[in-house]
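A.B. asks: Can you keep this structure in mind? I'll have questions shortly.
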Amino acid sequence: MTKPFPHARRSLFETRLGLRLLYCGRFVCQPDWFVAPERLPREFISFFFLEKNNCWYIVNGRRGNLTQGELLTVRGGDLISLGHDPRHPITALSLSIAIEQGPVPNLLLQRRFARRYRLNDPLQYTAKFNAILDGLQSPLAVRDWAVASPLLAWCIHLLAETGAPLSAASKPGQADVDRILTALTWANARLETVITLAQWAKVTGWHPVHFGHVFKQETGLPPMRWLEERRLGAARQYLAGTSKSVAEIAAAVGYPDPFYFSRVFRRHFGHPPLRYRRLALGAPGHY
């Protein structure tokens, strides 16, 4: 008798993101080009990459210079103006973005970006950006997909280039749900590390007991139970989609002891990791 695949109705992957672009383009500036002081809307963050020549900027009253191959970041609420030497007009790639998740208007604003970066691989950055521009030229029927895919790929490259860390704590007065979403983002980025409840609670600025209480209210699970579910879900994806060994997968999802990981995995999914992999790949076997 054939039995259904264990937990067949569980989603393998799920995320709910809203992508918004305020502007995005390559600007070949004329000699008389300049940007008068303007304030970026608070829910956005902007990235201005200089492809050619040099320019100056003033952000919140502080002046600086940007040279070819450098990236300028401007956060929502910043007041910015830009200009260049008319004898050496610039070419620049500029994008202003918000990545929404639930009530959080922009996940990127939870990162601590420096004001300016020298990119390690400007050609790759330009290629990722050009893919977004190509997507924006797609027919309306497929434009959402054609833009979203390269936009997320660009974002991944941006985070790899800048190494911008998550903010250590939420701002005072932040709504409970926002703090919990910050904590979820923080933990998701550290699944391979040991996370203590006290360390996790510190991200929200709460006492661990209060953190646990609010976390369960907002997610339906105690913090460490949620973390176990997230780690085992990631392990399931590794087993079904990669050839990594059990020990490698255990380490990648925060279990230094692969034998303990196997016991926890079997208790959760009803099968040890390797058997789960065989079932996921459709290999013959016995129940």
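Each value in this text was obtained by applying a stated rule to the coordinates, not by laboratory testing. Please read these numbers as outputs of a predicted model, since none were measured by experiment. Note that each Cβ is placed from the backbone with ideal geometry, even for glycine, and that neighbours are counted across all protein chains shown.
A.B. asks: For the pair residue 26 and residue 63, what calculated FRET efficiency results from E = 1/(1 + (r/R0)^6), where r is the Cβ-Cβ distance and R0 = 30 Å, to the nearest 0.05?
C.D. replies: So, using R0 = 30 Å, E works out to roughly 0.75.
A.B. asks: What is the ratio of the Cα radius of gyration of region 58-166 to 2.2 N^0.38 Å, with N the residue count, to two decimals?
C.D. replies: My calculation over the Cα atoms of region 58-166 gives 1.17.
A.B. asks: Okay, moving on. For Cα pairs less than 8 Å apart in space and 6+ apart in sequence, what is the mean separation divided by the residue count of the chain, i.e. the relative contact order in percent?
C.D. replies: On the way: 422 pairs, mean separation 40.9, N = 287.
Rounded, it is 14 percent for the chain.
A.B. asks: Here are several values of Rg and Dmax of the Cα atoms in Å: (i) 20.8, 64; (ii) 22.6, 71; (iii) 22.9, 79. Which one was derived from the coordinates shown?
C.D. replies: The calculated read-out lines up with (iii).
A.B. asks: Right, something else. So, by mean Cβ neighbours within 10 angstrom, what's the order for 155-162, 25-32 with the highest one leading?
C.D. replies: Order by mean packing, descending: 155-162, 25-32.
A.B. asks: Could I have the simple spin-label model distance between residue 267 and residue 79, label points 7 Å from Cα toward Cβ, reported in nm to one decimal?
C.D. replies: 5.8 nm
A.B. asks: Going 7 Å from the Cα of residue 16 in the Cα-to-Cβ direction, what parts of region 199-242 have a backbone nitrogen less than 17 Å from that spot?
C.D. replies: Residues 217-221 qualify, since their backbone N sits under 17 Å from the label point.
A.B. asks: Rounded to the nearest 10 degrees, what's the angle between the helix 208-219 long axis and the longest principal axis of the chain, both from Cα atoms, 0 to 90?
C.D. replies: The answer is roughly 90 degrees.
A.B. asks: Hey, another quick one. Compute the length gained on full extension between residue 56 and residue 281: take 0.36 nm times their separation in residues and subtract their Cα-Cα distance, giving the result in nm to one decimal.
C.D. replies: The span from residue 56 to residue 281 would gain 75.4 nm if fully extended.
A.B. asks: Here is a further query. Rounded to the nearest 0.05, what FRET efficiency is calculated for residue 242 and residue 213 with R0 set to 35 Å and r the Cβ-Cβ distance?
C.D. replies: Numbers: r = 37 Å, r/R0 = 1.06.
So the FRET efficiency works out to roughly 0.40.
A.B. asks: Okay, next question. With θ set to phi - 60° and the Karplus curve 6.51 cos²θ - 1.76 cosθ + 1.60, what are the ³J(HN,Hα) couplings of region 28-40 in order, to the nearest whole Hz, using x for Gly and Pro?
C.D. replies: Couplings: 9, 7, 7, x, 8, 5, 6, 10, 5, x, 8, 9, 6 Hz.
A.B. asks: Grab the Cα-Cα distance for residue 116 and residue 194, subtract it from 0.36 nm times how many residues apart they are, and report the gain in nm with one decimal.
C.D. replies: On the way: separation 78, 0.36 × 78 = 28.08 nm, distance 3.18 nm.
Between residue 116 and residue 194, full extension yields 24.9 nm more.
A.B. asks: Could I ask something else about it? Using a 7 Å offset from the Cα along the Cα-to-Cβ direction at both residue 159 and residue 91, what is the distance between the two label points in nm, to one decimal?
C.D. replies: The answer from the label model is 3.0 nm.
A.B. asks: Give me the Å³ per residue figure for the convex hull around the C-alpha atoms of region 176-280.
C.D. replies: It is 96 Å³ per residue.
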